[in-house]
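The structure appears below as structure tokens.
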Amino acid sequence: MRAAAAACGGVVPEVWPVTDRQRREAIERMASRRAACMDDAYFLSVYGALLLDDGDTEQAVLWLERSLLLEPDNLGAQADFAIALAMAGEPGPVRALAAAWRSRSDLPAALQARLEAVADPSSRYALPAVRLGMLAAARARSATQGELSVLGGYESNLDRSPRLTELTITVPGGPIVLPVEGRPRSGLTMLASLSAQWAYAPGEPWVVRVGASGSARTSRAHPQTDWQQRELAGSVHYGSGRWAAQLDGSAAWVSGPLGEPFRQTRLAMAAGRGIGACRLRAGLESERRMHRDSRPLDARYHGSVVGMHCGLGTADWSGALLLRRGDDVPDDPDRPGGRQRIDGAGLHLRGSLPGNVRVEAGWRVTKTRDATGYSDLLDNGAIRDMRLRQLTAQAALPLPIEGLDLLLQWQAAVQRSNLALFRYRAETAYAGLRYLW
């Protein structure tokens, strides 16, 4: 029996394969000994895990299940089996196992992260799982992923402008009503984006992520409304048991013919704790906006954020609530409106429909109030109030080519204000292809 065990262990890879070729060679070696190793739980658990990494979910389920019948307490096999079932369309076991393991402090953080990433695509491990692959099922120390999308669509208000027929100006001699023709520009558009991201796990509690992206929108009918954006972003995450903390930073550059180019940097820190099927978090965030020429418009934002994210039942659905409050402080105290108080709230829902169709929906409201009157010429210097409501929906339909999706997006935005000049309505609809590699 010892000789048989040694023979089975002799074909198990000592170092986990990191390339497709290495993995398939290991699978072939183990398949040649499979008949003689049917009662070796360790052999079968590794064999099933390799098949899972190779995308053969059906065979992975078969051999991992047999491994667990022989050795039910193998935590790695338990996680692999639950993940394989989830990839086969049965997410219940992986969610149940993830919920049960959240209260355990004796498990390796990497093993918990691996399970959480599949159980909840929007978890704190979502970037390696959804955007950067599975970090080789948490066995590799790093992973990269790229994304390219090209969409075509229609926008009803390309530059978020008001629809006006008249504008009232208040002067000492009395109000003056000026006839104007303010019609939002609309038309067909193209939207393209490209991103590359990298995740690295230097040790069990730590995950480092960095990424770069670029996007652009163009309209042949109104090219003056075109825009381009570039962004660099990074984060450091630390997780221990049910507690986690994260530091995020980013820098973005936005330009276009209609608006003045500006740069925006952001720094945020947050901490959270898992409670049952939910995670609570709270944090602080800061932003800095700098314009190329109009220095009086430069400003800093400082605020706080609290949020909650919960799994919804045993299906692959989750919901999140986020609340924000902060102040936008101008560098120039004479900026129209002066200091701004900004309050926001948002809801987000995501999940899967039959056919592995991923759907997302979100609702967000942002309320902004100036500290001083915006202009003496508008409503006798009234203090400006604005309330922006946004509703979004997205569906990603997998296509026969691996990594290729048909992407559908829709958004409606309505901004109300006591000053007519700052009211607008906009709807957008896009459809196109997204490729992940």
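The values are calculated or read from the model by the stated rules, or taken from the named source; none is laboratory data. Because the structure is predicted, anything quoted here is derived from the model rather than measured. When we count neighbours, we look across all protein chains shown, and the Cβ atoms used for this are built from the backbone with ideal geometry, even at glycine. These area figures cover heavy atoms from the full protein model, side chains too; ligands, DNA and RNA do not enter into them. Shrake-Rupley method; radii C 1.70, N 1.55, O 1.52, S 1.80 Å.
Whether any residue in the stretch 29-39 is assigned to a helix (DSSP H, G or I), surrounded by 20 or more Cβ atoms within 10 Å (Cβ to Cβ), among the hydroxyl-bearing types (Ser, Thr, Tyr) and over 32 Å from the mean Cα position of the chain (by Cα) is what I want to check. Within the stretch 29-39, none of the residues are assigned to a helix (DSSP H, G or I), surrounded by 20 or more Cβ atoms within 10 Å (Cβ to Cβ), among the hydroxyl-bearing types (Ser, Thr, Tyr) and over 32 Å from the mean Cα position of the chain (by Cα). Inside the stretch 40-84, residues that are touching a helix residue (DSSP H, G or I) at 6+ places or on another chain (Cβ under 7 Å) and not in a helix (DSSP H, G or I) make up a count of 4. The residue that is modelled with the highest pLDDT, counting only those in the stretch 273-303 that are open to solvent by 30 Å² or more (accessible area, probe 1.4 Å), over 24 Å from residue 262 (Cβ atoms) and assigned to a strand (DSSP E or B), is 282. Residue 363 meets each of the listed conditions (1) modelled with pLDDT of 95 or more; (2) outside any strand (DSSP E or B); (3) of a type outside the set (Val, Ile, Thr) apart from (2). Screening the stretch 374-413 for residues that are part of a loop (DSSP other than H, G, I, E, B) and open to solvent by less than 50 Å² (accessible area, probe 1.4 Å) and picking the one that is nearest to residue 424 (Cα to Cα) gives 378. Here are some conditions: (1) open to solvent by 60 Å² or more (accessible area, probe 1.4 Å); (2) in a strand (DSSP E or B); (3) among the aliphatic types (A, V, I, L, M). Residue 252 meets all but one. Which one does it not meet? Against the list (1) open to solvent by 60 Å² or more (accessible area, probe 1.4 Å); (2) in a strand (DSSP E or B); (3) among the aliphatic types (A, V, I, L, M), residue 252 comes up short only on (1).
Determine the pairs where a residue that is within 15 Å of residue 248 (Cβ to Cβ), located within the stretch 196-225, has a partner that is at pLDDT 90 or above and among the aromatic types (Phe, Trp, Tyr) with Cβ atoms under 6 Å apart, the partner being 6 or more residues away or on another chain. Listed by first residue and then by second, the contacts come to nothing, as the list is empty.
Within the stretch 309-319, does at least one residue satisfy the condition of being aliphatic (A, V, I, L, M) and assigned to a strand (DSSP E or B)? No: the stretch 309-319 contains no residue that is aliphatic (A, V, I, L, M) and assigned to a strand (DSSP E or B).
Could you figure out which of (1) of a type in the set (A, V, I, L, M, F, W, C); (2) modelled with pLDDT of 85 or more; (3) open to solvent by 30 Å² or more (accessible area, probe 1.4 Å) isn't true of residue 243? Exception for residue 243: condition (2). Considering only residues in the stretch 182-221 that are among the charged types (D, E, K, R) and open to solvent by 60 Å² or more (accessible area, probe 1.4 Å), the one that is farthest from residue 151 (Cα to Cα) turns out to be 204.
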